[in-house]
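See structure below.
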Amino acid sequence: MTGPRMAQVVKRTVQGYYVYRGANIESALTNVIASLAQDATGYTNSPVQTDTTYTYLVRAVKLFASGGGSFYQLSRAATTNITVNP
């Protein structure tokens with residue numbers, strides 16, 4: 001084999017996703033409401049209150065592994081605001 005040895009090659013795998021919810025970005029970052037599998041294609045959140053705006057964040061959980069060990073890292077968040085109407 002040429003190039004780096006296999007033990008030095010970093011392998012990246014998305015293990016799943018964390019979903020966060022709050023009244024704003026700051027409060028959402030401290031409130032994980034779901035942990036989803038890597039093949040998840042959607043999520044339904046309940047209960048919710050009418051006439052309320054929620055901020056949702058989704059972050060991928062990645063496993064980084066190398067010859068020196070492995071660790072989990074979170075991606076940057078995708079965010080959206082959703083208002084629940086009656």
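Numbers for the structure displayed
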read-out: All positions within the stretch 10-37 that are of a type in the set (Lys, Arg) and either surrounded by 14 or more Cβ atoms within 10 Å (Cβ to Cβ) or modelled with pLDDT of 95 or more (or both); value: Arg21
read-out: Tally, over the stretch 43-72, of residues that are of a type outside the set (A, V, I, L, M) and surrounded by 14 or more Cβ atoms within 10 Å (Cβ to Cβ); value: 5
read-out: Residue in the stretch 65-73 that is touching a helix residue (DSSP H, G or I) at 6+ places or on another chain (Cβ under 8 Å) and not polar (S, T, N, Q) present; value: yes
read-out: Per-region count, the stretch 43-58, residues assigned to a loop (DSSP other than H, G, I, E, B) and closer than 11 Å to Tyr17 by Cα; value: 1
read-out: Number of positions in the stretch 66-86 that are among the hydrophobic types (A, V, I, L, M, F, W, C) and part of a loop (DSSP other than H, G, I, E, B); value: 1
read-out: Ala40 surrounded by 10 or more Cβ atoms within 10 Å (Cβ to Cβ), in contact (Cβ under 8 Å) with a residue 40 or more places away in the chain and either within 20 Å of Gln15 (Cα to Cα) or in contact with a strand residue (DSSP E or B) (Cβ under 6 Å, 6 or more places away or on another chain) (or both); value: no
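The values are calculated or read from the model by the stated rules, or taken from the named source; none is laboratory data. Given the structure is predicted, the values throughout are model-derived calculations rather than measurements. So basically every Cβ, Gly included, is an ideal-geometry build from the backbone, and we count neighbours across all protein chains shown.
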